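Here the structure comes first, spelled out in C-alpha cells, and everything after it is commentary.
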Amino acid sequence: MNRFGNSYPKTIAVFRALQLGDLLCTVPTFRALRKAFPRSKITLIGLPWAKAFTERFHNYLDDFIAFPGYPGLRESTPQLKSIPIFLKSVQEKKFHAAIQLHGSGSLTNPIVHLFGAQVTAGFFLPHEYCPDPYRFMPYPRSEHEIWRHLRLMEFLGISLQSDTLEFPIFQKDKRDFSAIKEMRYIQKGEYICIHPGAQLNTRRWLIERFATVADTLADTGLKIILTGSENEIRLTEGVKTTMRTPAINLAGRTSLGTLAILLKNARLLICNDTGVSHIGAALGVPSIVIATGSDPSRWAPLDRKRHRVVHYPISCRPCSYLVCPIGHPCAAGVSTKTVISQAKKLLQKDLHAKKI
C-alpha cells in the first residue's frame, strides 16, 4: 500500500516551479505517478513557461497552474500581488494530494502546505519544517537529480517504471521544422549541433573554444548548426564570427519541438550543462556536455557511454554566482583538445555502429 492511504487520490498537485532541464529530469517521476494513479487528474504547478511542457507531456500531466513566484525563490521575480489570488485558486481546487518536488523544502514546504490539499508529501531537511513525517522523507543530497525524485516515489510506495528520459515530438513540430529553409537540403547525420548558451554565465564554456571545436569538426566534412534561444542570438553570432569555417545560426528560430527534431537528426551535440543536454539525453543523441559551474554528479546524463561529460575539478562547484568572481577557472580548465578528443571518439563510435 502506498503512503497516500486507502483512498485513491483523484486529484494530485505536483509543485516544481523550475526550468526545462529540471522538469525533464522529473519525467521518470511523472511516469511513475501516472502508472500508479492512471485515473487521477495530475496538475503541474510551475513557472508560466511550463504550460507548454504540460501540453507536451499530456500523457502524464492533465492540467497546469502558473506559479507567481515567492520571496526567496530565485527562479523568477515574485509577483507579490498575485500570490494571495494564486493560493486562493489552488485551495479552491481541493486537491486530494500535493507533492513537493521543488528542492529540499526549506522554502517550498510552507508554500505547498498552503495549497490546502488533504495530504502532502515531499522532502524536508532535519530540524526544519516537515508538514507530515509519514509522507515527507529527508532530502537525499547525494543523489542524481533524476533519482532524487524516484527515491521519493519509492518512499511513498509507488512502483518505479524506469529512469530513462523522453521527449515527445508532434506532427506540428515536423511541419514547423520543414519550414526551416536552411535544413531542407541537409540530411540526417550530416551535421553537428553546437549549443553555447546556458541561463547563467557561470554555466557557459568560452565562446572562442566552442568556435575552435566547431572548426576542427567542420574539417571532417560535417556541417555546423548553432542553436540557442532568442536571448542567445548575440552569443551564437559570437561563435559564428570567431569561426574560420561557415556555420548556420538557428538561434531564436526554433521552437522547443523543432529544436528536438534538429537534435534528433544530428550526428553529435556539443553543449553546456543546460536544458538542451537533457533533451539530447531523452532523444539518445550522442553528446559532449561541458559542465562548468554545475555539479556533473547531479545533472549529467546517466548514460555515460553515449553522453560524455567534460569538467575541470574545482572545489567551488556548484556555483551560485551569476558572474564568476575569480575568473571562471572551471571553464578555462576545460581544454579544446579534451572536447575534440571526446567528440571524435563518439563520432567514430557512431560510424562503427552504423556499419554493423
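The values are calculated or read from the model by the stated rules, or taken from the named source; none is laboratory data. Here the structure is a predicted model, which is why all the values come from computation and not from measurement. Please note: Cβ atoms are built from the backbone with ideal geometry, for glycine as well, and neighbour counts cover all protein chains shown.
For this structure, a couple of remarks:
- For beta carbons closer than 6 Å, sequence separation of 6+ or different chains, a first residue in region 164-188 that is touching a residue at least 12 places away in the same chain (Cβ under 8 Å) and a second that is among the hydrophobic types (A, V, I, L, M, F, W, C) and outside any helix (DSSP H, G or I), the qualifying pairs are GLU182/ILE248.
- Whichever residue in region 195-235 is of a type in the set (Val, Ile, Thr) and in a loop (DSSP other than H, G, I, E, B) and, among such residues, is surrounded by the most Cβ atoms within 10 Å (Cβ to Cβ): THR227
- Complete set of residues in region 270-327 that are outside any helix (DSSP H, G or I), hydroxyl-bearing (Ser, Thr, Tyr) and either closer than 17 Å to THR202 by Cα or not assigned by TED's automatic domain parsing to the domain that holds GLN342 (or both): THR274, THR292, SER294, TYR312, SER315, SER320, TYR321
- Qualifying residue in region 57-80 (condition: outside the structural domain of LEU114 (by TED's automatic domain parsing), surrounded by fewer than 20 Cβ atoms within 10 Å (Cβ to Cβ), at pLDDT below 95 and aliphatic (A, V, I, L, M)): no
- Comparison of THR11, THR54 shows that the only residue that is more than 18 Å from the chain's Cα centre (by Cα), of a type in the set (Ser, Thr, Tyr) and surrounded by fewer than 22 Cβ atoms within 10 Å (Cβ to Cβ) is THR11.
- Applying the condition of being assigned to a loop (DSSP other than H, G, I, E, B) and of a type outside the set (A, V, I, L, M) to region 328-348 and asking which residue is farthest from GLU75 (Cα to Cα) yields SER335.
- Picking from residues in region 88-103 that are of a type in the set (A, V, I, L, M) and farther than 9 Å from PHE115 by Cβ, the one that is surrounded by the most Cβ atoms within 10 Å (Cβ to Cβ) is ILE99.
- Failed criterion for LEU24 (all others in (1) farther than 21 Å from ILE111 by Cα; (2) hydrophobic (A, V, I, L, M, F, W, C); (3) surrounded by fewer than 20 Cβ atoms within 10 Å (Cβ to Cβ) hold): (3)
- Residue count, region 162-194 (criterion: part of a loop (DSSP other than H, G, I, E, B), more than 19 Å from the chain's Cα centre (by Cα) and of a type in the set (Asp, Glu)): 1
- All told, GLU145 meets the bar of being of a type in the set (D, E, K, R) and farther than 19 Å from SER7 by Cα.
- Any hit, region 32-41, residues being buried (at least 21 other Cβ atoms within 10 Å of the Cβ) and modelled with pLDDT of 95 or more: yes
Yes/no per residue for (1) under 30 Å from THR26 (Cα atoms); (2) modelled with pLDDT of 95 or more; (3) in the same structural domain as LEU33 (by TED's automatic domain parsing):
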| site | (1), (2), (3) |
| --- | --- |
| GLN161 | yes, no, no |
| PHE177 | yes, yes, no |
| TYR185 | no, no, no |
| HIS195 | yes, yes, no |
| ARG209 | no, yes, no |
| LYS223 | no, yes, no |
| THR236 | yes, yes, no |
